[in-house]
Amino acid sequence: MDREGLHRFLLACVLVITGLVSLTAAATPTRVTIHVPSKSLSLMPYYFGKDKGFFAAEQIEPQLVMMAPPTAIAAMVAGELDFSSTTGAATSAIMRGLPIRRVFYVQSDPVHVLLGQPEIKSVHDLIGKAVGVTALTDAVGMSTSVILRAHGIEAGKVTLLAMQVTDNAIKSLTSRKIAATLLAPPYVEELEAKGYVKLAEARAFAPLSFIGLVSSQDTMKRAPQKLYGMIAALNRTMNYINNPANRKEVVEYVASYHKIDLPLAEKAMTAQMLGYSKDGTKPRAAVEKEIEIYRETLKIAKTFTPDDLEDMSWLRKVQGR
């Protein structure tokens, strides 16, 4: 081979290697850290979507991190987390001026239930007792406060204790350290079967958003590919879960994941399906109602619109692709 032929050969090798490196880089999923407050069925789409490969299909490798909602929101704004799934604590933060937005709704309606000890027969029986919430200013804390007010129970007559994460609330309830707590399926169905009492459903008193996807505005500008990939993956996941043809598979996943029997998993999923968003959005009127609940509870005079809380333009891009 002459010098010119050798040169062409080496150049071709370099191009091939460069192409392979580029393909490998393109095929490597982007690692994304996401806050989750529990493993309830409200959060199940994150776990199911990851296990089913829907995130990988969008070149996203989700790292699910459990922590208290307010702590997670602060970490996200500081750039220590990419996203949060808690839309409630995000709303409180937005109303305090933090630059974050809701960008996807996993739930459009709450399915949480205020669950009490076996001897607690009504919400009024909670007077003088302690009730566990994940945080005072997230959707769990807000819903609990609204439920108490709706039953004529003034602030201070019930002690609200911040449990940080759902697991802590469940342990406190079962060890009788608290009289009640607000929980989602399948924990409600599991504990109700053991004699704990359903006192009130959140949707009847406080139609708040609990779970979705929250992003800082900085991430929207700095890492749009992460945001787009996350929304696309959640959209894939929710379309699959909401399809009746996949119900049996999803129920079996719930039974396996939570180590509960199929009838209980089916009952829990029936309750949870009432809250899942069908298209990643929430009706504007419902968001406006949320805003008023937060403003009243947090005693905020400033007015807000749904546009101050959410940015659904990314979801429209995903669904229009």
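A compact table of results
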quantity: Residue match in the range 204-216 (condition: closer than 30 Å to G97 by Cβ, aliphatic (A, V, I, L, M) and assigned to a helix (DSSP H, G or I)); calculated: no
quantity: Test: residue in the range 93-103 that is more than 19 Å from I178 (Cα to Cα), of a type in the set (K, R) and touching a residue at least 12 places away in the same chain (Cβ under 8 Å); calculated: yes
quantity: Residue identified as free of Cβ contacts under 8 Å to residues at least 24 places away in the same chain and either buried (at least 17 other Cβ atoms within 10 Å of the Cβ) or of a type in the set (A, V, I, L, M, F, W, C) (or both) among A193, A268, A200, A255; calculated: A255
quantity: Positions within the range 297-316 being farther than 21 Å from A206 by Cβ and either in contact with a helix residue (DSSP H, G or I) (Cβ under 7 Å, 6 or more places away or on another chain) or part of a loop (DSSP other than H, G, I, E, B) (or both), in sequence order; calculated: D311, M312, W314, L315
quantity: Scope the range 282-296; condition buried (at least 18 other Cβ atoms within 10 Å of the Cβ) and part of a loop (DSSP other than H, G, I, E, B); matching residues; calculated: K282
quantity: First in the range 222-240 and without any contact (Cβ under 8 Å) to a residue 40 or more places away in the chain, second anywhere and buried (at least 22 other Cβ atoms within 10 Å of the Cβ) and of a type in the set (S, T, N, Q), Cβ under 6 Å, 6 or more apart; calculated: none
quantity: Index of the failed condition, G88 passing every other in (1) assigned to a strand (DSSP E or B); (2) at pLDDT below 95; (3) crowded, with 24+ Cβ neighbours inside 10 Å; calculated: (1)
quantity: Residue within the range 66-75 that is in a strand (DSSP E or B), within 16 Å of the chain's Cα centre (by Cα) and at pLDDT 90 or above present; calculated: yes
quantity: Candidate set: the range 284-321, residues that are of a type outside the set (S, T, N, Q) and more than 20 Å from M95 (Cβ to Cβ); chosen: the one modelled with the lowest pLDDT; calculated: R321
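The values are calculated or read from the model by the stated rules, or taken from the named source; none is laboratory data. Note that the structure is a prediction, hence the values are computed from the model and not measured. Quick reminder, even Gly has a Cβ in these numbers, built from the backbone with ideal geometry, and neighbours come from all protein chains shown.
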